[in-house]
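I have placed the structure first, in the form of C-alpha cells, so that the comments after it can refer back to it.
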Amino acid sequence: MSTQRKAVSLISGGFDSMLATKTIMEQGIHVEGINFFTGFCVEGHTHAIRKKDKEKPKRNNALWVAEQLGIKMHIVDVIEEYKDIVINPSHGYGQNLNPCLDCKGFMVKKALQWIQENDFDFIITGEVIGQRPMSQRKDTMPVIARESGAGDLLLRPLCAKNLPETLPEREGWVDRDKLHDFSGRSRKPQMALAAEFGIEEWAQPAGGCCFLTDAAYSKKLADMWQTRGEKRYELDDIMMLKVGRHVRPRPHFKLIIGREEGENNFMQGYRKQFVSLKTVSHAGPLALIDGDNMSDEDIQLAASIVARFSQGKAADEVELELRSKEGTSTTMKVAPMLADDMPEEWYL
Amino acid sequence: MNIHQLDARRLLCPLPVIRTQDRVKALQPGDVLQVTCTDPGVKNDIPAWCRINGHEIEDISEQDDEIIITIKVGDIS
C-alpha cells in the first residue's frame, strides 16, 4: 500500500493559494492549510475597529478558503519573530516598507519547520512567476526556496512547469503534467482553472494583504521609527498606526485623533497608555497624545487641534477634558485651530 | 468533562482564533472552552475554525459589548 503523502499549503485567503491547494488535493495528496499572522495582515482585524465597516461581512478569508476546500487550517502567531523581517530585511524593502522577499522566505521557513514537526512531506504556495514585482519573479523565487531551507520541498503548483522539478514531482507523489505553467499578471488562466474546479466564489482582497505595502501606513511607521531614534515596535504600536488621523505638530509629540465612533471606542482602551483629550462642550473625537515632556504650550496646541476636528470647530471656544494615564482629569478651554493654520506636513 | 475559560477581550481577529486554537490543543475531547471576546468578527471566525477542525459550537451569547462563545472540543486525534 502506498504512503499517503501530506502537504501544507500557505493560504493567504486569496484566489491563487486556493487554486494551488485544490490542484494538489486533486492529485490525492492530503493537504492542510497554514496562515501566518504577522500583525500587519489586512485580513481580519481592522474592519472590527471602524463603525462604518461594521455592517460589512466579517470573515477571515483564510478560514473561509479552508472551509470551502474542506481542509484543516492552522493559524500561527509569528508577531515576535516577524519583527526582525520588518526591521532588518536582508533583501531590502519594496516600494514602501514591504519586505516581500524576506517575508516570503520567512513564511516558507516557518512552514518547513511546521512540516518537520508534524510529519508532512512538502510545502505548496500559490505563487505565480511574474505576478509580484519583488517576491514572485523568476530570479527571486529560487532565492525563497534556497534561503528558507525548503529547497525542492517547495512546490508552486500554478507555475511548476516553468520551474525545475521538485522532490514531490521527481518521486511521483504528484504528476508534473497535471501542474500548471501560469505566469504574469493575467488572471485568465486562474479563472479557467476555477471554472474547471467548479469554484465560483473567491476572495478578492483589495489593496493586497499586508499593510506594509500601503504608502500611508508605511509613512506613519517610518515616522514612528524616526521619532524613537530606532527601528522597533510592539503589537499595540502597529495597531495604533491603523487607527485615527495622525498629526505631528511638533517633533516630540503626535496626536492620534479618532475619525469616527468606532475608532473612538477602540482608542478608549488605550487611555492608560496615553494622555488623552476629549471635547466636552461639543461632540468631537477622542485624541491620544503620543509623546513625552509636553509643555503647557504643547498641551494648548494639541487641544486646539483636537477642537478643530470637533463640531465646535467654528465656535470661539471649545472645552476639552485632559486626562492623564493615571485617570486624573482637568478641563481646559481653547480656540479651535483654523484649517489654514494646520500645515499639510503635520498630517502623517 | 472540564470547563475552561479563555479571556480574548480586546484582541482583534485573528488573535482570538489563534488563542482559541492554541488553548484547545491542550484540552481533551469533550472538554468545554468558554471564550470571552470583544471583536464581533469572532462570531464568524471562531465557528468557522471549529467547523473545519472538528469542534462544536455549543452557544454564542452576547452581553453588553462582550461575546461569549462556548466550544465543545472534538476528537482531534
Out of all the residues in segment A:219-230, is one or more in contact (Cβ under 8 Å) with a residue 12 or more places away in the chain, surrounded by 15 or more Cβ atoms within 10 Å (Cβ to Cβ), under 26 Å from A:LYS83 (Cβ atoms) and within 12 Å of the chain's Cα centre (by Cα)?
-> no
Would you be able to say whether some residue in segment A:290-302 is surrounded by 17 or more Cβ atoms within 10 Å (Cβ to Cβ) and under 15 Å from A:GLY258 (Cα atoms)?
-> yes
Counted residues in segment A:261-281 being assigned to a strand (DSSP E or B) and small (Gly, Ala, Ser) come to 1
Scanning segment A:42-61 for residues that are at the interface with chain B (Cβ under 8 Å from one of its Cβ atoms) and modelled with pLDDT of 80 or more gives A:ASN60
Within segment A:30-41, restricting to residues that are more than 12 Å from every other protein chain (Cβ to nearest Cβ) and modelled with pLDDT of 95 or more, the one that is nearest to A:LYS110 (Cα to Cα) is A:VAL31
Return a yes/no flag: does segment A:76-93 have any residue that is in a helix (DSSP H, G or I), modelled with pLDDT under 95 and more than 14 Å from chain B (Cβ to nearest Cβ).
-> no
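To keep it simple, each residue is scored yes or no on (1) crowded, with 20+ Cβ neighbours inside 10 Å; (2) under 24 Å from A:GLY33 (Cα atoms); (3) of a type in the set (Val, Ile, Thr).
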site: B:GLN5; (1), (2), (3): no, no, no
site: B:PRO14; (1), (2), (3): yes, yes, no
site: B:GLN21; (1), (2), (3): yes, yes, no
site: B:LYS25; (1), (2), (3): no, yes, no
site: B:VAL35; (1), (2), (3): yes, yes, yes
site: B:CYS50; (1), (2), (3): yes, yes, no
site: B:ILE60; (1), (2), (3): no, no, yes
site: B:LYS72; (1), (2), (3): no, yes, no
site: B:ASP75; (1), (2), (3): no, yes, no
Got at least one residue in segment B:39-62 being more than 25 Å from A:GLN68 (Cβ to Cβ), under 13 Å from the mean Cα position of the chain (by Cα) and within 13 Å of chain A (Cβ to nearest Cβ)?
-> no
Consider A:GLN27 against the criteria (1) at pLDDT 95 or above; (2) part of a loop (DSSP other than H, G, I, E, B); (3) within 14 Å of chain B (Cβ to nearest Cβ): it satisfies all of them except one. Which criterion is unmet?
-> (3)
Matching strands (runs of 3 or more DSSP E) fully within chain B where at least 1 residues are in contact (Cβ under 8 Å) with a residue 40 or more places away in the chain and not acidic (Asp, Glu) | B:32-37, B:66-72
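A quick yes/no check of all residues on (1) within 19 Å of the chain's Cα centre (by Cα); (2) in the same structural domain as A:ILE29 (by TED's automatic domain parsing); (3) farther than 22 Å from B:LEU15 by Cα; (4) not acidic (Asp, Glu):
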| site | (1), (2), (3), (4) |
| --- | --- |
| A:LYS83 | yes, yes, no, yes |
| A:ASP119 | no, yes, yes, no |
| A:GLY126 | yes, yes, yes, yes |
| A:ASP139 | no, yes, yes, no |
| A:ALA160 | no, yes, yes, yes |
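The values are calculated or read from the model by the stated rules, or taken from the named source; none is laboratory data. Quick caveat, the model's predicted, so the values are computed rather than measured. All Cβ positions, even for glycine, are placed from backbone atoms using ideal geometry, and neighbour counts span all protein chains on display.
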